[in-house]
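The values are calculated or read from the model by the stated rules, or taken from the named source; none is laboratory data. This is a predicted model, so every value here is computed, not measured. Here Cβ is always computed from backbone atoms with ideal geometry, including for glycine, and neighbour counts include all displayed protein chains. When the accessible area is computed, the model is the full protein with side chains, heavy atoms only, and any ligands, DNA or RNA have been set aside. Shrake-Rupley method; radii C 1.70, N 1.55, O 1.52, S 1.80 Å.
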Amino acid sequence: MDNNNSSNSEQTVQDGRLYRNLNSLIVAHLRDHNLTQAATAVASATMTPLHVEAPPNRLLHLLAKGLAAEKDAATVRATSSSPFHDFATSPPLPRPTAIDFSSVPDIRGSSKSFPKHETRHLSEHKNVARCARFSADGRFVATGSADTSIKLFEVSKIKQMLLPDAKDGPVRPVIRTYYDHIQPINDLDFHPQGTILISSAKDQTIKFFDISKTNAKRAYRVIQDTHNVRSVSFHPSGDFLLAGTDHAVPHLYDINTFQCYLSASIPEIGPNGAINQVRYSCTGAMYVTASKDGTIRLWDGISADCVCSITGAHGTAEATSAIFTKDQRYVLSCGKDSTIKLWEVGSGRLVKQYLGAMHTQLRCQAIFNETEEFILSIDEMSNEIVIWDALTTEKVAKWPSNHVGAPRWLEHSPAESAFISCGTDRSIRFWKETV
């Protein structure tokens, strides 16, 4: 009996330590991501010091490890019985430590060199190649076209194609081609944990494709929206998706019920508020929209309230893209004013600008490489891919795009030094760091 009491007492002490550690991590996470009001409330309720010390993003790292371990165990159980296990996507690779953009001044001459890349023509659509997206693990990439088709590539086959000696003859990296839209494709996204690819198009639909089905050419589910669906983004849980449309407010869909939700707290938005791009942060705590009226808007991922509007982020020109950094502290935006800008999420303050590339016509993207050390975009005038050091803002490389006419989309792999360019010349090119 004494042993039982002793054991229970030890367990209670251990549980108490775990709860204290968990509360400290939650408070530190909220505080470090500029959610001061929430951090203060949790600190007060749990009697945790507001300024408790914790390694940066410790809570996220522990959660990612736990989810990966849980998924690995589930995959081992399911693989033997699943006919589609060859296509199961693995969890994203561990991310490097986030870069603190506010701590490093723009010192010219201290920039890093962007590694040399080789490039190869992969395939062509029958009309303009408009968009591309990698899966979360970098194993697949899909492209969408004005010809209404979607091509799905397997990255390992692309790499085989790049080898000088292909032992088994020509390698065909396109493993699926889907035809199910009736107007041009605007955007794509992969389900974060599954084998599902979604597409959005000018035909006001979002379509779901199961990439594990080798013979499927058409979508197995369709969401019919009321507007041209210009952009889509899956919530990291995979249970919800955002649609950016010609409507000024993002449409939030439950993918199990297809129920559509709109924010109950809508900011004043003029008639030119159509959304060019919508993207979730890596935890789903926030999402960002880039609009035709030049405004970057930040939205709470739980309440769907607009928490910050950066009006005139690109002057009177359209804001064409917006993405979060991995630590969710900053947003990188691109606009038709030929500027790329880095904004602090907590304050809406402009932190850095990346200049020297002309983009005034196309829905141009500004993207990070996989480590967030570099930023890539397009110069429409010179038809070049331009690369900046993300910390110093210095231009470190300009490469001919190898497209006839400027590319309209760049998309970087989340897993390695490789990216895709999509051209107005209909072609798709793969770029990979040379060893």
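A compact table of results
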{"read-out": "Options L362, F324, Y280, ranked by Cα towards positive dipole end of the chain, top entry (Cβ charges)", "value": "L362"}
{"read-out": "Centre separation in Å (Cα based) which lies between segment 202-265 and segment 308-372", "value": "24 Å"}
{"read-out": "Length released on extending from E373 to S110, taking residue separation times 0.36 nm less the Cα-Cα span", "value": "93.4 nm"}
{"read-out": "Highest-first arrangement of 389-401, 124-136, where packing means the average Cβ count within 10 Å", "value": "124-136, 389-401"}
{"read-out": "Sum of side-chain charges, L362 neighbourhood, beta-carbon under 9 Å (Lys, Arg +1; Asp, Glu -1)", "value": "+2"}
{"read-out": "Estimated [θ] at 222 nm from DSSP helical runs (n ≥ 4, -39500 (n - 2.57)) normalised by residues in the chain, nearest 500", "value": "-5500 deg cm²/dmol"}
{"read-out": "Kyte-Doolittle mean at least -1.0 and Cα axial length at least 24 Å: DSSP H helices in the chain", "value": "58-79"}
{"read-out": "Carbon/sulfur fraction of accessible area - the chain, other protein chains in place, 1.4 Å, %", "value": "53 percent"}
{"read-out": "Cα-Cα P(r), the chain, percent of pairs per 20 Å interval", "value": "24, 57, 17, 2, 0"}
{"read-out": "Protection proxy ranking of 402-415, 327-340 - average other beta-carbon atoms within 10 Å, highest first", "value": "327-340, 402-415"}
{"read-out": "Cα-centre dipole for the chain with unit charges at Cβ (Lys and Arg positive, Asp and Glu negative), debye to 20", "value": "900 debye"}
{"read-out": "Whole-number accessible area per residue in Å² for the chain, which is evaluated in the context of all protein chains at 1.4 Å", "value": "46 Å²"}
{"read-out": "Relative packing of 39-52, 223-236, which averages over residues the other C-beta atoms within 10 Å, highest first", "value": "223-236, 39-52"}
